[in-house]
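Worksheet: one structure, shown below.
Every number in this text was worked out from the coordinates using simple rules, so none of it is lab data. Model, not experiment: these values are computed from the prediction. For neighbour counting, all protein chains shown are included, and Cβ atoms are generated from backbone atoms with ideal geometry for every residue, glycine included.
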Amino acid sequence: MPSAHRRSFPHAMLREIYEQPEAISATIRAHASNGKFDTEPWLAVHRALQGHDRIVIAASGSSRHAGLAGEILIEDISGIAVDVEYASEYCYRSTHALHNPAVLVISQSGETADTLAALREAISRGLDTISIANVSESKMPREASAALITRAGTEAAIPATKSFTTQLTMLYLLAIYMGRMTGRMTATVAEEHIEQLGRIPALLETWIPLWEEQLRAIAASYASAEAFLFLGRGIHYAIAREGALKLKEVSYVHAEGYPTGELKHGPNALVSHGTPLVVLATCDRNDPDSVLRYSRTLQLLHDIQQQGGNMLAIATEGDQEIGKVCSHCVFVPAVSEYLLSICEAVPLQMFSYMIATQRGYDVDRPRNLTKAVVTE
């Protein structure tokens, strides 16, 4: 089915970008069918969550960015409060910081040293735990109270691509499940959300080749830049953070992700033609909050245009305004607010890939990095 099976690739990272539709589809199939949650493994998740009105998410790197998106998803959909910790900091937090939370750890390998340490610390405190990982036989799924396994398959390149979007997929499913648990979502609405998620793989299958062609050309305009600022509001801030990390990892260019509204509180001093902005300016026209975020972002882009800023926007197909204020614009399919996060992540991965390869770097083996950080 996926177009990744019908061509050869110069790098594992590019192949794995193309493999995301099937990875997301497999993750959904393993946990839900016909718009409903399969019994396993949700019974253990249900037991781990029962009696808790707060969740702590502990993760590192790209997995933590997935956790930041998960915070928005879980809080908005289920009403349960979430705190996201750096896994490397969790063990040093006071045991009294939060009263009896459930702890969710997220790791691609299931062996990440600081995240595993956070899991074991939570277990030692007598807390219920849930693990999201891509390897079922790894330590975290075996040691946690409950485990949710993504179906990304082997990821040969060091930069996370399909492991990240399958984590977003799993967190979306978890948020819907928790919405059912708390009574904030009816069965019919939950089925609709799952069905909408199930349409994402086919959309990505269509759009990824378009992004590859478009971003190869766009990257030529940015390949010489030595610093970038990535901006996003709400759940899109998490994706901005991930986009900046991906660019740093593979192209050795300094990049930072900020909430869009924070730009004028200091970072704006860096904005110049030589320091481009990558702005997540998507919009779900059926969501009033999304429309408000978009309008505020559009106003900011007008202001930056007056400053002479160099901007690449990620916008929703059909947008007639963004192209008037940005140097370049990449469109994503029109889907619901929360699912836009998955659709945004993929072109940002492609952008990083194109920048790095045009600068002559090995995207599969970035310097000083390993696939699984198994020592702290």
Problem set entry | For the stretch 240-296: Kirkwood Rh in Å [reciprocal of mean 1/r, alpha carbons] | 12.9 Å
Exercise. Between ARG216 and ARG285, how many nm apart are label points set 7 Å from Cα along the C-beta direction?
Worked result: 3.2 nm
Seminar exercise, completed: Simple SL model, points at 7 angstrom along Cα→Cβ for GLN299 and ARG199; separation in nm is 3.2 nm
For this session: Along each of the three principal axes of the Cα atoms of the stretch 5-99, give the extent in whole Å, ordering the values from largest to smallest.
Result: 54, 34, 22
Exercise. Counting every Cα pair in the stretch 137-211, what percent are over 19 Å apart?
Worked result: 52 percent
Exercise. Mind checking Rg over Rh on the stretch 186-239, alpha carbons, Kirkwood formula for Rh?
Worked result: 1.16
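Would you mind computing the Rg to Rh ratio of the stretch 299-359 from its alpha-carbon coordinates, Kirkwood style for Rh? Show your work: numbers first, answer last.
Working: Rg = 12.9 Å, Rh = 12.8 Å.
Reported Rg/Rh (Cα atoms, Kirkwood Rh): 1.01.
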Exercise. What fraction of the DSSP beta bridges in the stretch 3-198 is antiparallel, stated in percent and rounded to the nearest 5?
Worked result: 10 percent
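Between ASP362 and GLN307, what FRET efficiency comes out of the Förster formula 1/(1 + (r/R0)^6) with R0 = 30 Å and r the beta carbon distance, rounded to 0.05? Write down the numbers at each step before the final one.
Details: r = 36 Å, r/R0 = 1.19.
According to the calculation, E is roughly 0.25.
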Exercise. What are the extents of the Cα atoms of the chain along their three principal axes, listed from largest to smallest and rounded to whole Å?
Worked result: 54, 46, 44
Seminar exercise, completed: Here the FRET efficiency for HIS273 versus GLU111, based on Cβ atoms and R0 = 45 Å and rounded to 0.05, is 0.55
Problem set entry | the stretch 3-198: radius of gyration over Cα atoms, expressed as a fraction of 2.2 N^0.38 Å | 1.00
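Ratio of Rg to Rh for the stretch 203-358, alpha carbon only, Kirkwood?
Rg/Rh: 0.92.
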Exercise. Going 7 Å from the Cα of THR39 toward and past its Cβ, which residues in the stretch 126-154 have a backbone nitrogen under 18 Å from where you end up?
Worked result: 147
Seminar exercise, completed: The lysines whose Cα lies under 17 Å from the Cα of LYS246, excluding any fewer than 8 residues away in the same chain, are LYS162, LYS371
Seminar exercise, completed: With 0.36 nm assigned to each residue of separation and the Cα-Cα distance removed, ASN100 to ALA223 gains 39.5 nm
For this session: Restricting to the chain, compute how many DSSP beta bridges are antiparallel as a %, nearest 5.
Result: 5 percent
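Taking every eigenvalue of the Cα gyration tensor of the stretch 84-235, multiplying by 5 and rooting it, what semi-axes result, largest first, whole Å? Working shown, then result.
On the way: eigenvalues 195, 103, 53 Å².
Its equivalent ellipsoid spans semi-axes of 31, 23, 16 Å.
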